[in-house]
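Following: one structure in structure tokens, then a few remarks.
The values are calculated or read from the model by the stated rules, or taken from the named source; none is laboratory data. These figures come from a predicted structure and were not determined experimentally. Note: ideal-geometry Cβ built from the backbone for every residue, glycine included; neighbour counts use all protein chains shown. Keep in mind that these areas ignore ligands, DNA and RNA; they rest on the heavy atoms of the full protein, side chains included. Shrake-Rupley method; radii C 1.70, N 1.55, O 1.52, S 1.80 Å.
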Amino acid sequence: MANGNMAAPSKEEINTQNKLEFSLNVPFPSTREASIALRSLLPDREPRKGGITKKMAISGSTLCVRWTADEARILRVSVGSFMEHLTLVMETMEAFGPPVLL
Amino acid sequence: MTVVIGFEGSANKIGVGIIRDGEVLSNPRRTYITPPGQGFLPSDTARHHRGVILKVLKEALDEAGLKPCDIDCVAYTKGPGMGAPLVTVALVARTVAQLWGKPLLGVNHCIGHIEMGRLITQANNPTVLYVSGGNTQVIAYSERRYRIFGETIDIAVGNCLDRFARVIKISNDPSPGYNIEQMAKEGKKYVELPYTVKGMDVSFSGILSYIEDAAGKMLTSNQCTAEDLCFSLQETLFSMLVEITERAMAHCGSQEVLIVGGVGCNMRLQEMMMVMCKERGAKLFATDESFCIDNGAMIAQAGWEMFRSGQVTELSDSWITQRYRTDEVEVTWRD
């Protein structure tokens, strides 16, 4: 986006249920843009049925994504593919934005 | 006037097309071409599409001389096709639809081919032969559905051709099917291959296994040339397709055939179909490679029909699907 801010804070740790966790906060210039990204990224389900959950939400103008997974391998694949999708959405917004007034 | 932009990227082609009331304003496309002997894998194909899609979109708008505000609806391929490339294209379609404040419309890829074929050729109510790298179906319209009369029970005819091309290392540029077609013109000897029509359905995987096995032996012992094999494979596969198309026409009492899909631009297939049509007093409709092969305009055209009949796709329902049969779609735009 404005400065392609992808350097969001993240952590990977084993929580009490013995699950791997990963969380990513992506700042956008406005709530509207964060919401567009969320609604573009949300419709497609994870290809894998079990072993991983991914939750996405908006907090102000930040897109917050949180994963829990049984195995690091599964987590890496999901986070990796999410980053590719996010990058494409942000590039699309840069090239064809800003959003029209509603 | 209704202007629809269509995004297509379910296989190795990525295209964006713009249609205004039956007029193709722009239709740029890129193809992901792999080295000889290699097919295209989903993740590599998706990477290719991600790398060029925004450039192709800009080209489509520039060539049409339109601004985003001139567009009424954003159509994209919902399926069927390869998952990762479909997601790539859907992401961009969803994002621009929201940026521009336009409705979104998920289109069945097969319906896109049929509607584009009908638009370009003006065929009214044809029996449709849909032949490509991923699909082989004989289709006729009845009571608000494109009904599948016959189809492949295993691999698509284009997949059979593509994989044969890999075995004998034919170039994938511009496409394996095109190169097989050119080589087949030099074929002199017909090598007998299995012929597998099962009622209204066809099967190609056994033919592929047979020729994969035979090719090495026959070529090294100089029993035939690669050109002879290309010729023999085309003659066999296309005869099967003509046979089931003719049977569907007889069932429906149809006097029109429309060939769509990437294999549909093969002139030998069109020629063989023409012989059958002439014998029956029927008319053949086909298009050239710009509209036969996957393109954005075909998604825009099917989208145009759907949008005009009142359909839209909510963002929450805009998920892609690798399996999506032609007869799942209710045709709300035809009587």
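What is the local net charge at residue B:152, summed over the other residues whose Cβ is closer than 11 Å to its Cβ (Lys, Arg +1; Asp, Glu -1)?
Local charge sum for residue B:152: -2.
What does the C-alpha gyration tensor say about the overall shape of region B:251-308? Classify as rounded when a/c is under 1.5, otherwise prolate if a/b is larger than b/c, or oblate.
oblate
Rounded, prolate or oblate: pick one for region B:1-129, where a ≥ b ≥ c are the square roots of the eigenvalues of its C-alpha gyration tensor, a/c under 1.5 means rounded, and failing that, prolate if a/b is larger than b/c, else oblate. Walk me through the numbers on the way to the answer.
On the way: a/c = 1.73, a/b = 1.17, b/c = 1.48.
Oblate, since a/c reaches 1.5 and b/c is not below a/b.
Quick check: the angle from helix B:83-100's long axis to the longest principal axis of chain B, C-alpha only, nearest 10 degrees?
That helix lies at roughly 20 degrees to the long axis.
Just reorder A:54, B:278 by solvent-accessible area, largest first, 1.4 Å probe, all chains present.
So, going from the largest accessible area down, we get B:278, A:54.
List the residues of region A:34-49 that lose 40 Å² or more of accessible area once all protein chains are present, compared with their chain alone (1.4 Å probe, heavy atoms only, no ligands or nucleic acids).
Buried by 40 Å² or more upon assembly, which counts only protein chains, are A:36, A:39, A:40, A:43, A:44.
Per residue, what accessible area does region B:140-279 have, given a 1.4 Å probe and all protein chains present, in Å²? Can you show the working numbers first?
Working: 6180 Å² over 140 residues.
Accessible area per residue: 44 Å².
For region B:20-80, count all C-alpha to C-alpha pairs, find those more than 14 Å apart, and express that count as a whole percent of the total.
Of all Cα-Cα distances in region B:20-80, 68 percent exceed 14 Å.
Once you sort the root eigenvalues of the Cα gyration tensor of region A:12-96 as a ≥ b ≥ c, which label holds: rounded (a/c under 1.5), prolate (a/b larger than b/c) or oblate (the other case)?
Judged from the Cα gyration tensor, region A:12-96 comes out prolate (a/c at least 1.5, a/b above b/c).
Hey, what angle do you get for helix B:205-220 against the long axis of chain B, alpha-carbon based, 0 to 90 degrees rounded to 10?
For B:205-220 against chain B, the angle is about 50 degrees.
Within region B:87-152, report the GluC sites (Glu not before Pro) that DSSP leaves as loop and that have at most 14 other Cβ atoms within 10 Å.
B:143
Could you give the alpha-carbon Rg of region B:292-335 over 2.2 N^0.38 Å, rounded to two decimals?
Cα Rg divided by the expected 2.2 N^0.38 Å: 1.26.
How many angstrom separate the Cα center of region A:71-100 from the Cα center of region B:67-138?
Result: 23 Å between the Cα centres.
What is the mean projected area of the alpha carbon convex hull for the protein assembly as shown, to one decimal in square nanometres?
The directionally averaged projection comes out at 23.2 nm².
If you average the sequence gap of Cα pairs under 8 Å that are 6 or more apart and divide by the length of chain B, what percent do you get for the contact order?
Relative CO of chain B lands at 27 percent.
Using r as the Cβ-Cβ distance of residue B:222 and residue B:330, and R0 as 56 Å, what FRET efficiency do you calculate, to the nearest 0.05?
Numbers: r = 56 Å, r/R0 = 1.00.
Efficiency, rounded to the nearest 0.05: 0.50.
Residues with beta-carbon under 13 Å from that of residue B:328, excluding residue B:328: net charge, scoring Lys, Arg +1 and Asp, Glu -1?
Working: positive: B:78, B:144, B:145, B:147, B:323, B:325; negative: B:327, B:330.
In short, +4.
Residues with beta-carbon under 14 Å from that of residue A:36, excluding residue A:36: net charge, scoring Lys, Arg +1 and Asp, Glu -1? Display every interim value, and only then the final one.
Working: positive: A:32, A:39, B:94, B:102; negative: A:33, A:91, A:94.
Here the charged neighbours net out to +1.
Cα convex hull of region B:118-270: mean projected area in nm², to one decimal?
Orientation-averaged projected area of the Cα hull: 9.1 nm².
Please flag any cysteine in the protein assembly as shown that has no other cysteine's Cβ under 4.7 angstrom from its own Cβ.
Cysteines lacking a close Cβ partner in the protein assembly as shown: A:64, B:69, B:73, B:110, B:160, B:224, B:230, B:252, B:277.
With a cut-off of 17 Å, note down the residues of region B:307-335 whose backbone N falls inside the zone around a label point 7 Å from the Cα of residue B:145 toward its beta carbon.
B:324-335
From the helices alone, meaning DSSP H stretches of at least four residues, give me the mean residue ellipticity at 222 nm for the protein assembly as shown, per-run term -39500 (n - 2.57), in deg cm²/dmol to the nearest 500.
Working: 12 runs with 184 residues, N = 437.
Calculated from helices alone, the mean residue ellipticity at 222 nm is -14000 deg cm²/dmol.
Taking the Cβ-Cβ separation of residue B:275 and residue A:87 as r and a Förster radius of 56 Å, what is the calculated FRET efficiency to the nearest 0.05?
0.60
For the pair residue A:71 and residue B:268, how long in nm is the line joining their label points, each one 7 Å along Cα→Cβ?
Rounded to a tenth, the inter-label distance reads 4.6 nm.
If you bin every alpha carbon distance in region B:113-177 into 5 Å steps from zero, what whole percent lands in each bin?
4, 16, 20, 18, 15, 13, 8, 4, 1, 0
Multiplying the sequence separation of residue B:314 and residue B:290 by 0.36 nm and subtracting their Cα-Cα distance, what value in nm do you get?
In short, 5.6 nm is gained.
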